[in-house]
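None of the figures in this text is laboratory data; all of them are computed from the coordinates on show. The structure presented is a predicted model; accordingly, all values stated were derived computationally and were not measured. In this analysis, Cβ positions are derived from the backbone assuming ideal geometry, glycine residues included, and neighbour counts consider all displayed protein chains.
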Amino acid sequence: MNETLIETRALSARYGASRALDGLDASIGRGEVVAVLGENGSGKSTLLRVLARVLPASGGEVLFGGRPLSEMPRRESARRIAYVPQSVDLVFPIRSLDLVLQGRAPHGRGFAADTAEDLRIAREAMRACDVEDLAGRDAKALSGGERRRVFLARALAQEAEVWLLDDPTAGLDPRHRLEFLETLWRVHGERRTTVLLVTHEIALAGALATSVLLLKAGRAIARGPRADVLTPDNLSRAFGAPFESRGSAFRVRSAVLPGGAADL
Amino acid sequence: MKALPRAPAIAAGLLLLAAVLLFAFSVGGVHLSLGDLLGGQGEAGRTARLLAALRVPRVLLAALVGGCLALAGAALQALLKNPLADPFLLGTSGGAAAGAACAALAGASPLISPAAAFLGAAASSVGVATLARRGGRLDLERLLLAGLIANAFFSALLLAAFSIASGEASRTMLFWMMGSLADATPGKVAALAPYALAGAAVLVAASARLNLFAVGEESAAALGVDTERTKRVVFLAASLLTGAAVAFAGVIGFVGLLVPHGARAVAGNDQRTLLPLSALAGAALLVAADAVSRAALAPAELPIGAITAALGAPLFAWLLLRTP
C-alpha cells in the first residue's frame, strides 16, 4: 500500500441517539481509489460526512497526513479535501460556472470579485469534466448526469488531494454512468487524486477501485485490495444475503426469482 | 442566464435611489421645487426651506428603514435557502413591535420605545433560535416553523395590548402595528443610522460565505465555512437591522420579502452583489412608497404599510407565478 494519507482510529459518529459509526478503524493510502461498500445504514455516507467535516465525530479521531483533522483550520482542510454530496437541492438559479467557482472559495476568495486565475482554473476543470458548454446554463436545469459532472468539476477546481464522492452514479442511466466514471478515472489519472467512493454497485467497485472498505453497523468488516475483500463470504456477511461468484462478478442466490439469482 | 455584473448593478441601484430621493423631496401636500429651495427669494424660499426641514428627515428615515428591511430579508433568504424567508416570517418584527407596545402600555416614556423594540426583537430571535436548535445545531427548517410560532404569539400579545390600551396609548399601539414614518425627526435618523451601518457591514462581509449556502449548509461546511458561526452572525445582524427598523417606523411588511426577489431578477444570486443592491433598492422602494402615501390623498396620509402591501402582494404573486 502507498503512504497512508487518511487514518481513522475508533471513529464514532451519531445522529441524535442513533450511532452511525461505531469505532471504525481504517486507513487510506495516497492516490488510492477506495470503494466504500455496505448495506443501507452501515455508515458509508456518515464516514464521508465526518471526513468532509460536515458532521462532527462523537468519538475517536481522524488523522489526515498524520495530523488530527479536527485541529486543522477548516479552510485548510477544505483546500485538501473535496466533498461531493449525494444529492443537492438548488432553490435559486445559479450558473454552472459559478457553482464550479465555489471550489475556489477555500483558496482565499473573499468579498473581492473572482480573479482571472480562479476563472482559468474553473474553466479548465469544466473542460476536464466535459461540461465546458454548460458554463452559462442554470445548474438547476441540468440533467442528473450533467449536474454530477459539474459537481465533479467543482471538486477539481478545489484542487484538493482527496475527493469524497457519495454515490455519484445513483440514478444515472448506463451511458451517463459510464461517461461519469470514465471522466472520474481520467481526471484521477491526471491528478493522482485520492478518491473515496461510496457506492451500492459492487460491479462498479470491482471495475474502478484499487481497494475496498466494507462496512457493517458502523465498523469495517474487511478492507484491503479489492481482490482480497470482494469475496462471496465477505459480501454475504456485509449484506446479509447469500452471494456467489461468477467469474469476476457476484450474484445473490434467490429462491424466488425465476433465474434463481440476481447479478450484482 | 444573464446577470448584471457587480459594479454596474450597484451603480444602477445608487442612481435609482438618487432619482427616487429627488422625487420624494419634491412630492407631498405642497410641491417643493429644487430651484426655490436653493435660490428662492422671500416667501417662496422660506417655505421651501421649511418644507425641506420637515421632509428631509422623513425621506432619510424611509431610506434607512427600507434598506434595513430589504437587506435583512435578502440575507435570511440566502442563509435559509428559502425565497420566502423574511424578518416578518421569522417573528423578528413581531417581537420588536410587541416589545415596544408592551413598554408603551406600561407607561414607559416614548424614549424607551426603541430600546424595548430591540429587546423584543432579541427575545424573539433567541426564542426562535432556541426552538430551532436540535442536537446543538441550528436546524434551518425548524427555524421557519419556530418563526411561525413566534409570530402567532407576538401578534396575540400586540392585539391584547391594543385592546387594553386607551386614548393616546392606543394610538401608539396602532403605530407599531401599522407602521408609519410620520414621526420622523433628525434625531431618529441619527439614532438609526449606526445600527443600519453596523448590520449592513456585518452582512456584506459575510456575503461570500452566504454564497456557499446556495448549495446547502453541508456543502458550505465542506468548503471551509464555519456554518454554525455564520448562521449565528447573520441571524443576529438581520435581527439587529429589523429591530432597528421596527423601533423607528413600526411594522412595515413586504419590503424584506419583495426587494431581494426584484434585485435577484436583475442581478442574479451572487450575494456579494445582491446584498448591497437589495439595501439600495429597499431604500428606494420605501422612499417611493412614502412619497405616494403623502401625495395620494393629500392632505390626509395613507398608511405606508398599506402601500407596500398593495404594491407587494400583486408583485409577489407575479414573481410566484413566474418561478417555475
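Can you tell which of B:A247, A:L196, A:V84 lies farthest toward the positive end of the dipole of the protein assembly as shown, using +1 and -1 charges on the Cβ of basic and acidic side chains (Lys, Arg; Asp, Glu)? Checked the options; the winner is B:A247.
Counting only DSSP beta bridges with both residues in chain A, the antiparallel share comes to about 60 percent. With a sphere of radius 14 Å drawn around the Cβ of A:S42, what net charge do the other residues whose Cβ falls strictly inside it have (Lys, Arg +1; Asp, Glu -1)? Net of charged neighbours comes to +3. Under 5 Å between amide hydrogens, built in the peptide plane, is the criterion, and for A:Y83 it picks out A:L164 among residues at least 5 positions away or on other chains. Partner lysines whose Cα lies under 24 Å from the Cα of A:K216, excluding those fewer than 8 positions away in the same chain, are identified as A:K44.
Comparing A:A238, A:A35, A:A207 in a Gaussian network model of chain A (Cα springs below 10 Å), the most mobile by mean-square fluctuation is A:A207.
Provide the gained length on full extension for the span A:T115 to A:A227, in nm with one decimal, where the gain is 0.36 nm per separating residue minus the Cα-Cα distance. 35.7 nm is the gain from fully extending A:T115 to A:A227. Lys/Arg Cβ at +1, Asp/Glu Cβ at -1, dipole of the protein assembly as shown taken about the Cα centre: which of B:A196, B:L60, B:G73 is farthest positive-ward? It is B:A196, whose Cα lies furthest towards the positive end.
Ordering B:K81, B:K231 by the number of other Cβ atoms within 10 Å of each residue's own Cβ, fewest first, gives B:K81, B:K231. Averaged over the residues of B:73-80, the number of partner chain Cβ atoms lying within 10 Å of the residue Cβ comes to 1. Each Lys or Arg adds one and each Asp or Glu subtracts one; over the other residues with Cβ under 12 Å from the Cβ of B:V126, this totals +2.
Each DSSP beta bridge with both residues in the protein assembly as shown is either parallel or antiparallel, and the antiparallel ones are about 65%. By the count of neighbouring beta-carbon atoms within 10 Å, fewest first, A:D130, A:D89 end up ordered A:D89, A:D130. Cut-off 10 angstrom, C-alpha nodes, Gaussian network model of chain A. Which of A:R30, A:R154, A:R191 fluctuates the most? Most flexible of the set in this elastic network: A:R191.
Peptides A:70-76, A:36-42, ordered by how many other C-beta atoms sit within 10 Å of their residues on average, highest first, read A:36-42, A:70-76. Classify the range B:130-258 as rounded, prolate or oblate, taking a ≥ b ≥ c as the square roots of the eigenvalues of its Cα gyration tensor: rounded when a/c is under 1.5, otherwise prolate if a/b is larger than b/c and oblate if not. Note, shape of the range B:130-258 comes out oblate. Only Lys, Arg, Asp and Glu carry charge here, each on its Cβ (+1 for the first two, -1 for the last two); on that basis the protein assembly as shown has a dipole of about 260 debye about its Cα centre.
Shielding of peptide B:144-151 by partners, expressed as the average count of other chain Cβ atoms within 10 Å per residue Cβ, is 0. Tell me the net charge near B:A190. Cut-off is 15 Å between Cβ atoms, B:A190 excluded, with +1 for each Lys or Arg and -1 for each Asp or Glu. Net of charged neighbours comes to +1. Mean per-residue shielding of peptide A:94-105 is 4, counting Cβ atoms of other chains within 10 Å of each Cβ. Does the protein assembly as shown classify as rounded, prolate or oblate by the C-alpha gyration tensor (a ≥ b ≥ c root eigenvalues; a/c under 1.5 gives rounded; else a/b over b/c gives prolate, otherwise oblate)? It is prolate, given that a/c is not under 1.5 and a/b is the larger ratio.
On the beta carbon distance between B:A12 and A:S87, with R0 = 45 Å, the FRET formula returns roughly 0.75. Classification of the range A:217-264 by its C-alpha gyration tensor yields an oblate form. The axis ratio a/c (a ≥ b ≥ c) is 1.5 or more, and b/c is at least a/b.
Extent of the range A:4-230 along its three principal axes (Cα atoms, max minus min coordinate, largest first): 45, 40, 33 Å. Of all lysines in the structure, the ones whose alpha carbon falls short of 19 Å from that of A:K140, not counting any fewer than 8 places away in one chain, are B:K2, B:K81. Considering only B:G312, B:G268, B:V287, and ranking their Cα positions along the charge dipole of the range B:210-314 that arises from unit charges at the beta-carbon of Lys, Arg, Asp and Glu, the one farthest toward the positive end is B:V287. Legend: ranking of residues B:T242, B:T130 from fewest to most surrounding C-beta atoms inside 10 Å; resulting order B:T130, B:T242. Just checking the listed ones, B:G67, B:G107, B:G268: in the Gaussian network model of chain B with Cα springs under 10 Å, the one fluctuating most is B:G107. Where only DSSP H runs of four or more residues are counted, chain B gives -26000 deg cm²/dmol as its mean residue ellipticity at 222 nm, each run worth -39500 (n - 2.57). If you bin all the Cα-Cα distances of chain B at 20 Å, starting from zero, the percentages per bin are 33, 56, 11, 0.
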